[in-house]
Every structure is written in C-alpha cells, then in structure tokens.
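Here is the structure we will look at, set down as structure tokens.
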Amino acid sequence: MLRPQDGPTRERRSLAGLWRFRLDAEGAGRAEGWWRSPLAEAVDIPVPASYNDIYPDVAVRDHVGDAWYQTNVWIPAQWTGQRIVLRFDAATHRAIAWVNDTEVVTHEGGYTPFEADVTAHLRPGAENRLTVVVNNELSWATIPPGTIEERPDGRRVQRYFHDFFNYAGLHRPVWLYTTPPEHISDITVTTAFDDTTGVIGYRADSTGETDSVRVSLRDAAGAEVAAATGAVGTLRVPDVHPWAPGDGYLYELEVTLLSASGEVTDSYRQPVGVRTVEVRGKQFLINGTPFYFKGFGKHEDAAVRGKGHDDVLMVHDFALMEWIGANSFRTSHYPYAEEVLDYADRHGVVVINETAAVGLNRNIGGGVFSSGERVLTFSPDAVSDETRRVHLRALQELVARDKNRPSVVLWSVANEPDHVQPEARDYFAPLAAETRRLDPTRPVAYVNALLAPPDQCVVTDLFDVVLLNRYYGWYFGPGDLEAAETALETELRQWAALHDKPIVITEYGADTYPGLRSVVPNPWTEEYQAELLDVYHRVFDRVDAVVGEQVWNFADFATTPGVFRVDGNKKGVFTRDRRPKTAAFHLRARWRKDES
Ligand code: GCB
C-alpha cells in the first residue's frame, strides 16, 4: 500500500488539528445518525493523539465503546477531476468513516492504514463534513484480544491480556490526497547482490489499461544509475552502495505512468535500500555478514498523547538509541507509525516488525504468569478460527504496508502466544506459511514466553529464528541473580541443542523505580536492574547461538492499574520522560565498547 505523497501528479493535505469529539458509550450515534449533522455536545480533541489522557476525567480515560470524531474540510476547486482519497494511518481498534452523509470506509485493526476513494462524495470548492466513529472494544475475535466485563451497576469494563494501556482514537495522521484517475496503485521491490552489483526487482501496479511504465533509479545524490521500461523488471547497479545497519543508504525509484500518447499520467517515488537478509544455521546475516541485534522492545507511549504519533518524541527516541549504542528495536506489540519505519530506513536502524497479536494466551496476563491449572487458549470460546482469520488479515496488511522497507529484517507474527497446547500448531502453521508466501525475502518468527521447557514448544520448527522473552531474576526467582544466571544459561543451551536456528533475546529486564538506590542488589532499585542486565550479558556472551539482545523496555510505559505495576510498567532503561536510569550507562558501555 503506497503512502500519500506530494509530487508532480499528486497532492496531499494533512488533517491534523483540533477535531470535534464525543464519547458514546451507549452507541446512540449509530442509531441516530450523528454523521448527518454537526456533532452535538462535542469537545475539542487533537488529532493525531490517543483521546484517553487529554481530559482529566476517568470516563474518558477508561471509556469503552464508540467515540465520535468530526471535522470540516475545505476542498480546493482545483482538485476537480482528480481522484481524491481519504486515508487513516491508523484508527484504534476499528472505525467507520463518512464523508458528508455517505459512509465511505470501515476498517478492523488498530495499527494499520486504510483508505477510501471519496471522489464521488466530496464537493470540490466547498466545505465538506468528515465524521469518524472509532471503537475500542476488544474480544476474542480481535487482535489483540480482550473481554468485556458487565458490572451489576451497568458499567462495562474492558479486560485484556497484554501489558500496555488500551489507548484508542486517531493516533496517527489522517490525510486527504489526490492522484490522477489513472494511477500507480502499488509498487513492490526486492533486492539482491551479484557480487558488487545491486540487483533490484520491481513491480508497478496501476489502474490504467493502456498505460506504459518507465522507471528510473537515482542514487542519494540524485544521479540516475539505472532505468527501464515495463511494469515488471530488473535493474542492475554496478558498485552498488548497500543499505546496512548504521548506514541507511537509500536509492530512489521513480515510477512514471505514461499514457498511450506518451504524456505523464502519474508518478511516484519509492525509496529503495539494497540489502539481503538470510538465516543460515545459527547465524542471522545482513548482506552476508553476521548481525548481532542490540536494542530494545519499545512502545508507542508518552504522557498526555498516549500512542499519538509525535515527530518530536520519535527523533528524540532515535537519538537516545544512538547515544546508547542500539542498532535495532522490535515494534512490540503492534505495527508502529510509518514515520518511525521511514526514520529507521533512512538511518540504518534494524527492525523486528510485529503484529498486534499479543495476549493470545490464557496462562499469562499482562506479563504475569498464572500459577493455577493450565487453561485452554485455543478453543471455540477463546482463540478460535475467527481469531485466526482476523490475525491473518492483520499479517497481510502489515506485509502490504512494510514489504519495501530495508529496515525490516524479520516478521514477528505474535508475542507470547500459547505455544504448548497442541492446537497452537494448527493455528500458527497457516500464518507462517502465508507470511512466507506474501514475502519470501524475510525470515518469520514468533516471540516465546517461558511457559514450558524448550522441548514442549510445538511451533518453533515452523519458524526461522528463536525469539525469547526471559525474566529469570524477576518473575522467576526475584532477587536471586546467581540462580538466574544458571537457569538462563541452562535453558539457552537447551534451545541451541534442539534447534539449528539463531536465538535473539527479545525481552529481559526488571522493573526499576527511578531514584531508588541500594548498596546490595534489591529488586526495584537502579542497581538491581543494572546488575541483572550484566548477568544476562555474561550468559549471552557464552552462548554462540545468541545473536541478539533487546532489553525490555526502552522506556517506562502506561499499563492498566495492578498490584504488579507502579503507575505503569517500570522496566524502562529510560523513564517515561526519557531520563536515563543507571542501567542506561551500563548498556552504553557494553554496546559502544568497540568505539574509541
Ligand atoms: C512480557 C510481555 C511484555 C510485558 C513484560 C513485563 O513478557 O511481552 O508485554 O510488558 O513481559 O514487563 O511483564
């Protein structure tokens, strides 16, 4: 799916700003047709942002159900004759949109874009009304899943099994953009090397029947290095400058659509990073060179704006990651804003790209393991065939969105699902197969939680890389780092003996209250976090199959309240306002030790 872009044949308009907003817990708006007139009893709401923390009101923060957004937009008369598209970069977790009185699009899933051709419904040269209802309810038929508790007093409370706050709303930009009626609808690129020559396969999809396609590849200085005609083809670039970790070198592929008479109908510029990814035995190779992941599991999370995308915070986070020596991160636990992936592409930051399939496990709740009898996760009343259909669709949308990104080196289909119940295999086999079919160029993995010893996992052989979240010394044996060191090493060696696959530790860490200090390593102190990380690092350095370490978490983040959480999850190496804890300096010393 192409992003909106300005260019000789296209124009885009951001709809960021203050919209009108109204909560609708009873769902009256759908029956009463609230899109037909100016939203009554509305307050201002900023877009993009999560709505939950904008007002000091528990009814807003903990709202369950519909929330209505509305704005008015002037459409320039010059847009007449163009195709006009309304695009939401995300609406969490589902939405319906109307232009004036007409419903134009509906979408399920809170973290991938969707759009509608609204040419027939907008009036150019006039003011138009745009209304969106966003709904945040989670069930066993949603990704992520959840359940709604009906209280005796009539309140409905959302429960979920993931450990981050269920922020909702229009978190990401909303656009109106134009394309010519006949236009480029999609571009796919793949890259390889023939010795020092870059080989770029491309495919341009378009709507016009009689059009022809011309492509031109320019280097970062703007010089053309290859060109071709035809909707499908291959370009060769001698002495190619590869995209590599730490070196986000991008070429630009300009695709031009020509009419039968040779006039330019449409054009689109697609960034291209030339690189390869391969899993060979226990190694993870980027451009044929073993790669070691250093970095974090992150969240899109900040005070007030919740999951609202913000360029200020994004650039700051990337700057802190560079300061600390990180070369990678995981989009735990949902696809991040496209601006974030753009930045990673341009700066050579490596990304493990994850779907929003978090919490597919009835034996863990919010990172905390239940101690009782094991319950069934895969069953008609929990994770069912319907869940799998929604999950599959989420995967398809993620690959469609991010398939051309050099930063993305691995798809993560789920975080910590139940991988022990035999039915897990039937659930994940088609998802792994479909991801490979959609994208044969990248490895596929799922993220494993410590539910059982390695030989009891029924799905690892379906995947290419072993991704492990481990909490020895925290949830398992809190306070005992000696035991943690032994248990971690024993387990990692078991994985390495069972599977000829690389291992990345995608989570390890300890909750840490900033400013709490101790001369002996006590849980929750800054010293304990730093020492726990040091212990893990000693083990990683002794086990060859380990090809990466991503600390949980980059920064403290909001969760549902609970006795295990102090104003949110405190496993951040940085606080929520991005101040370093002691562990940050330990990580920096380790991750930048090769620099003089
Ligand atoms: C996990 C989850 C993550 C939690 C973390 C924790 O295993 O993947 O979402 O936040 O543990 O801190 O409990």
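The values are calculated or read from the model by the stated rules, or taken from the named source; none is laboratory data. It should be emphasised that the depicted structure is a prediction, and the values quoted were computed from it without experimental measurement. Methodologically, a virtual Cβ is constructed for each residue, glycine included, from the backbone with ideal geometry; neighbour enumeration extends over all protein chains shown. Only protein heavy atoms, including side chains, enter the accessible area calculation; ligands, DNA and RNA are left aside. Shrake-Rupley method; radii C 1.70, N 1.55, O 1.52, S 1.80 Å.
Once the Cα-Cα distance is subtracted from the 0.36 nm per residue extended length, the Val157 to Thr188 segment shows a gain of 6.9 nm.
Peptides 467-478, 450-461, ordered by how many other C-beta atoms sit within 10 Å of their residues on average, highest first, read 467-478, 450-461. Near Ala226, the amide H atoms lying under 5 Å from its own belong to Leu217; only residues 5 or more places off or on other chains count, and H is placed 1.01 Å from N.
Summarising the amide proton neighbourhood of Glu549: residues at separation of 5 or more, or on other chains, whose placed amide H is nearer than 5 Å comprise Phe293, Lys294, Gly295, Ile505. Within the shell defined by Cβ-Cβ distances under 12 Å, the residues around Val458 carry a net charge of -4, with Lys and Arg each +1 and Asp and Glu each -1. Size descriptors for the chain (Cα atoms only): Rg and Dmax, in that order, 24.4, 79 Å. Ellipticity at 222 nm from helices only: DSSP H runs of n ≥ 4 in the chain, each -39500 (n - 2.57), divided by the residue count, give -6000 deg cm²/dmol.
Computed from backbone phi, the HN-Hα couplings of segment 289-306 come to 10, x, 10, 10, 6, 10, x, 9, x, 10, 9, 8, 7, 7, 4, 6, 7, x Hz, rounded to whole numbers (Karplus: 6.51 cos²θ - 1.76 cosθ + 1.60, θ = phi - 60°; Gly and Pro given as x). Long hydrophobic helices in the chain: the complete DSSP H runs spanning 18 Å or more by Cα along their own axis with mean Kyte-Doolittle hydropathy of at least 0.5 are 311-324.
Separation of segment 471-534 and segment 8-56, taken as the distance between their Cα centroids, equals 44 angstrom. You can think of it this way: the chain between Val58 and Val566 has 181.1 nm of extra reach, that is 0.36 nm per residue less the Cα-Cα gap. Of all DSSP beta bridges confined to the chain, the antiparallel ones make up roughly 75%. Net charge in the neighbourhood of Ala223 (other residues with Cβ under 13 Å of its Cβ; Lys, Arg +1, Asp, Glu -1) is -4.
The phi-based Karplus calculation (6.51 cos²θ - 1.76 cosθ + 1.60; θ = phi - 60°) puts the 3J(HN,Hα) values of segment 43-51 at 10, 7, 9, x, 10, x, 4, 6, 7 Hz, whole numbers, x for Gly and Pro.
A protection proxy built from the mean count of other Cβ atoms within 10 Å ranks the segments 149-157, 219-227, 400-408, 248-256, most packed first, as 400-408, 248-256, 219-227, 149-157.
Using a probe radius of 1.4 angstrom, the carbon and sulfur fraction of the accessible surface of segment 1-122 is 51%. In this structure, the amide hydrogen of Ala231, modeled 1.01 Å from its nitrogen in the peptide plane, lies closer than 5 angstrom to those of Val213, counting only residues at least 5 positions away or on a different chain.
In the structure shown, the pairs Lys298/Lys403; Lys307/Lys570; Lys501/Lys571 are assessed against 23 Å; a Cα-Cα span above that value is assigned to Lys501/Lys571.
If you add up the charges near Gly295, with Lys and Arg at +1 and Asp and Glu at -1, over every other residue whose beta carbon is less than 9 angstrom from its beta carbon, what do you get? Charge balance near Gly295 sits at +2. Separation of segment 396-446 and segment 221-265, taken as the distance between their Cα centroids, equals 29 angstrom. With θ taken as phi - 60° and the Karplus curve 6.51 cos²θ - 1.76 cosθ + 1.60 applied, the whole-hertz 3J(HN,Hα) list for segment 552-558 is 9, 10, 4, 9, 4, 8, 6 Hz, x standing for glycine and proline. Per residue, the accessible area of segment 1-125 comes to 43 Å², computed with a 1.4 Å probe over protein heavy atoms only. Ranked by the mean number of other Cβ atoms within 10 Å of their residues, highest first, the peptides 312-320, 46-54 come out as 46-54, 312-320.
Reducing segment 119-150 and segment 188-212 to their Cα centroids gives an inter-centroid distance of 35 Å.
Based on Cα contacts under 8 Å between residues 6+ apart, the chain shows a relative contact order of 12 percent.
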